[in-house]
1. Packing-wise, with mean Cβ within 10 Å as the measure, how do 30-36, 18-24, 78-84, 126-132 rank, highest first?
2. To the nearest 10 degrees, how steep is helix 63-72 against the longest Cα principal axis of the chain, on a 0 to 90 scale?
3. For a protection proxy built on the mean count of beta-carbon atoms within 10 angstrom, sort 96-105, 183-192 highest first, please.
4. Calculate the spin-label point distance for residue 123 paired with residue 72, positioning each point 7 Å from the Cα along the beta-carbon direction, and give it in nanometres.
5. Relative to the longest principal Cα axis of the chain, at what angle does helix 10-27 sit, 0 to 90 degrees, rounded to 10?
6. Evaluate the distance, in nm, between pseudo-label points positioned 7 Å from the Cα of residue 109 and of residue 132 along their respective Cα→Cβ axes.
7. Can you tell me how much longer the chain between residue 142 and residue 220 gets when fully stretched, taken as 0.36 nm per residue apart minus their C-alpha distance, in nm with one decimal?
8. What distance in nm separates the two pseudo spin-label positions at residue 17 and residue 149, each 7 Å out from Cα along the beta-carbon direction?
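Please treat every number below as a calculation from the coordinates, not as lab data. As the structure is a prediction and not an experimental result, all values here were calculated from the model. Backbone-built Cβ (ideal geometry, glycine too); neighbour counts: all protein chains shown.
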């Protein structure tokens with residue numbers, strides 16, 4: 001994992017580095033750490049990093065404003081806010097920050113929260129290669145759901161595009177085994193991370209698509225949905 005720290009306090013940077021070193025050493029996960037104190041450097045290099053620790057109280061800039069710009073540019077980098085003041089933490093939701101840490105950072109809390117971050121990081125890398133479908137790797141995080149229709153499976157992507165495949169749905173059930181996909185109906189396999197709401201007999205996805213929840217699959221689906229919620233919180 002490639003990590004970038006944006007902070008203008010040397011003491012805070014050093015303390016954060018110690019937390020990072022301690023955590024990644026304990027889980028035997030490879031990592032690199034770089035620091036920057038310039039927004040120009042931040043925007044020109046952010047594509048090289050998987051994780052950004054972003055301070056809010058900067059000398060001549062505001063971390064939330066920088067985070068909004070990153071969000072608008074749609075970078076995949078996971079953002080974690082660092083701040084001395086609890087009142088700023090709620091602003092992290094504006095930039096889709098994954099977590100926030102109050103300085104000085106407590107190591108035990110850091111380890112606990114970072115375990116979930118690492119899990120999400122590895123999930124984001126999951127996907128498949130199939131030259132019959134695409135010349136590039138298709139990541140599971142970019143798939144809303146699979147739909148079996150007319151003896152074909154249609155892959156619905158988060159960018160509103162679709163990919164038609166000749167594979168049956170059972171092929172995709174096997175491909176996505178032990179991931180964050182679950183089957184709510186004989187004709188659907190959905191990404192649990194993109195559920196907006198659950199109704200008695202339907203599931204509303206983030207794009208407002210309505211997926212049927214059949215009686216046959218309901219018990220197992222709800223159990224998998226609940227387990228996934230515990231993993232991502």
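1. 78-84, 18-24, 30-36, 126-132
2. Around 30 degrees separate the two axes.
3. 183-192, 96-105
4. My value for the distance between the label points is 2.9 nm.
5. With both axes taken from Cα atoms, the answer is about 40 degrees.
6. Distance between the two pseudo-spin positions: 5.2 nm.
7. Full extension from residue 142 to residue 220 adds 25.7 nm.
8. Result: 5.4 nm between the two label points.
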